[in-house]
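The next block holds one structure in the form of structure tokens; read it before the comments.
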Amino acid sequence: MEQEKRERVRLEAADRLARGEKTEVVARELRVTSRSVRRWRREWEQGGADALRSKGPSSVERLSSRQWERLERELKRGPLVHGWDDEFQGWTLKRVKLLIGRMFHVGYTVQGVWKLLRRHGWSAQVPLRRAIERDDEAIEVWSQGHAAGHRRVGIL
């Protein structure tokens, strides 16, 4: 998804460069750096628009499609099933990393886990429901007292 979007931007830049638009104009309108547009221009001049096409994912996925399907099922079951029973009740990248290691004996970095999840359409989200223990009245009292104690002071 993200990779396809970046490729579309590069190809749009190639079309604009072919029409003779200036590097700075292309960069500003496509919301990229001038440095990127200059690099794309060199690649385009040497190999045409095909030189700007995606060359595939930058890294090879370590999990097979069957392993990913199994991991996804386990993620949907939730962290409680896998032994994390703290107040957070959600998945973190570190927890997913540990789960992958336990299930498949495959090592990922935290950044690698983030890329893996994004590649498969997962995103960072806030839990859909509030904690049962939440005390809205106590939060309101705290926030009023907290705000009163932190008034903005003007400095001349």
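Please turn the phi angles of region 87-92 into ³J(HN,Hα) values with the Karplus equation 6.51 cos²θ - 1.76 cosθ + 1.60 (θ = phi - 60°), one per residue in order, whole Hz, x for glycine and proline.
Calculated HN-Hα couplings, in order: 6, 5, 6, x, 7, 10 Hz.
Starting at the first residue of region 70-79, write each ³J(HN,Hα) from the Karplus equation 6.51 cos²θ - 1.76 cosθ + 1.60 with θ = phi - 60°, in whole Hz, x for Gly and Pro.
5, 4, 4, 4, 5, 4, 5, 5, x, x
In terms of Cα to Cα distance under 13 Å, which aspartates and glutamates are near enough to Lys115, apart from those fewer than 8 places away along the same chain?
Of all the aspartates and glutamates, those that pass the test against Lys115 - Cα under 13 Å, at least 8 places apart if same chain - are Glu2, Glu61.
Check cross-link reach from Lys22 to the aspartates and glutamates: straight Cα distance under 14 Å, and skip same-chain residues fewer than eight apart.
Partners found: Glu12.
Two decimals is fine: what's Rg over Rh for region 1-138, C-alpha atoms, Kirkwood radius as Rh?
Result for region 1-138 is an Rg/Rh of 1.16.
Run the numbers on region 1-129 and let me know its relative contact order in percent, using alpha-carbon pairs under 8 Å that are six or more apart.
The value is 17 percent.
No value in this document is a laboratory result; all are computed from the given coordinates. In this text the structure is predicted, and so the values were computed from the model without any measurement.
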